[in-house]
Amino acid sequence: MCIRDRVFAHGGFEVPLPGGRRPVLIRAANVLRQYGEAEVADVWARLCARLAPDGLLVEGTCDEIGRRHVWVALGPEGPRTVTFAARLASLDRPSDLAERLPKALIHRNVPGEPIHAFLRDFDRAWASAAPYADLGARQRWIRAAAALATAWPLVGGPRRWRQGELTVRWDALAPRG
């Protein structure tokens, strides 16, 4: 199928495209969960090497019905951001998204790691924004995100937050060591 000279193809890590073209977007959801953590960097590098110069790899994990999703966005140079997304009405607290962390982060959600500190701070901001819950989960999320932005390098702003998304620069959450 072509839309504005774009070809959408389904495939594996070989990323098959007609005519030797390089993809501008590769989406890999719930793929690397079965891999060892040590294998992730190699798979990322292999997929990113196949991208067009302005391309993007979106790799992450979502629940079965798409209510919760966390993904890493990578360019040819490597990881750029981590995005946390939720159907807000189904969320008790932001750290509930921890079970959907991509393989590169899921085993790093322990004290001393940046992802753990981020989720702890997000839960605290969520708790502090509890008075906004009467206005709806969206308003609470927006207020929590605004508070979080004072200490963490968030990308984007209220426009994305209203959608139940929050994006953080990768370098702030990257595993230590």
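The values are calculated or read from the model by the stated rules, or taken from the named source; none is laboratory data. Keep in mind it's a predicted model, so treat the numbers as computed, not measured. For neighbour counting, all protein chains shown are included, and Cβ atoms are generated from backbone atoms with ideal geometry for every residue, glycine included. What goes into the accessible areas is simple: the full protein's heavy atoms, side chains included, and nothing from ligands, DNA or RNA. Shrake-Rupley method; radii C 1.70, N 1.55, O 1.52, S 1.80 Å.
Of the numbered criteria (1) of a type outside the set (D, E); (2) modelled with pLDDT of 95 or more; (3) in contact with a Phe, Trp or Tyr (Cβ under 9 Å, 6 or more places away or on another chain), the one A125 fails is (3).
Figure legend. Inter-residue proximity from the range 81-93: first residues more than 11 Å from G60 (Cα to Cα), second residues open to solvent by less than 20 Å² (accessible area, probe 1.4 Å) and part of a strand (DSSP E or B), beta-carbon distance below 7 Å, spacing 6+ or different chains. Indicated pairs: T81/A73; T81/V168.
Against the test of being more than 20 Å from G156 (Cβ to Cβ) and of a type outside the set (G, A, S), the options P102, P76, P94 yield a single qualifying residue, P76.
One line per residue, one yes/no per condition, for (1) open to solvent by 80 Å² or more (accessible area, probe 1.4 Å); (2) at pLDDT 60 or above; (3) on the phi > 0 side of the Ramachandran plot:
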| site | (1), (2), (3) |
| --- | --- |
| I3 | yes, no, no |
| V7 | no, no, no |
| P16 | no, no, no |
| G19 | yes, yes, yes |
| R27 | yes, yes, no |
| G36 | no, yes, no |
| E39 | yes, yes, no |
| W44 | no, yes, no |
| C48 | no, yes, no |
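Filter the range 101-110 down to residues that are open to solvent by less than 40 Å² (accessible area, probe 1.4 Å) and either of a type in the set (G, A, S) or assigned to a helix (DSSP H, G or I) (or both), then give me how many there are. Working first, answer last.
Kept after step one, since they are open to solvent by less than 40 Å² (accessible area, probe 1.4 Å), are these residues of the range 101-110: 101-105.
Now narrow it down to the ones that are either of a type in the set (G, A, S) or assigned to a helix (DSSP H, G or I) (or both): 103-105.
Selection size over the range 101-110: 3.
Summed over the range 156-166, the residues that are at pLDDT 95 or above and buried (at least 16 other Cβ atoms within 10 Å of the Cβ) give a count of 5. Scan the range 129-146 and tell me whether some residue there is in contact (Cβ under 8 Å) with a residue 12 or more places away in the chain, of a type in the set (K, R) and buried (at least 19 other Cβ atoms within 10 Å of the Cβ). Yes, the range 129-146 contains a residue that is in contact (Cβ under 8 Å) with a residue 12 or more places away in the chain, of a type in the set (K, R) and buried (at least 19 other Cβ atoms within 10 Å of the Cβ). Scan the range 111-121 and give yes if some residue there is open to solvent by less than 20 Å² (accessible area, probe 1.4 Å), in contact with a Ser or Thr (Cβ under 9 Å, 6 or more places away or on another chain), over 27 Å from N30 (Cα atoms) and in a helix (DSSP H, G or I), otherwise no. Among the residues of the range 111-121, not one is open to solvent by less than 20 Å² (accessible area, probe 1.4 Å), in contact with a Ser or Thr (Cβ under 9 Å, 6 or more places away or on another chain), over 27 Å from N30 (Cα atoms) and in a helix (DSSP H, G or I), which makes the answer no.
Results for (1) part of a helix (DSSP H, G or I); (2) of a type in the set (A, V, I, L, M); (3) over 21 Å from S95 (Cα atoms), shown as yes or no for each residue.
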site: A28; (1), (2), (3): no, yes, yes
site: V43; (1), (2), (3): yes, yes, yes
site: R46; (1), (2), (3): yes, no, yes
site: L51; (1), (2), (3): no, yes, yes
site: D54; (1), (2), (3): no, no, yes
site: T61; (1), (2), (3): no, no, no
site: E64; (1), (2), (3): no, no, no
site: H69; (1), (2), (3): no, no, no
site: L74; (1), (2), (3): no, yes, yes
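Among the residues of the range 156-177, write down those that are in contact (Cβ under 8 Å) with a residue 60 or more places away in the chain and over 21 Å from N109 (Cα atoms). If the condition is that a residue be in contact (Cβ under 8 Å) with a residue 60 or more places away in the chain and over 21 Å from N109 (Cα atoms), then Q163, G164 are the ones that fit.
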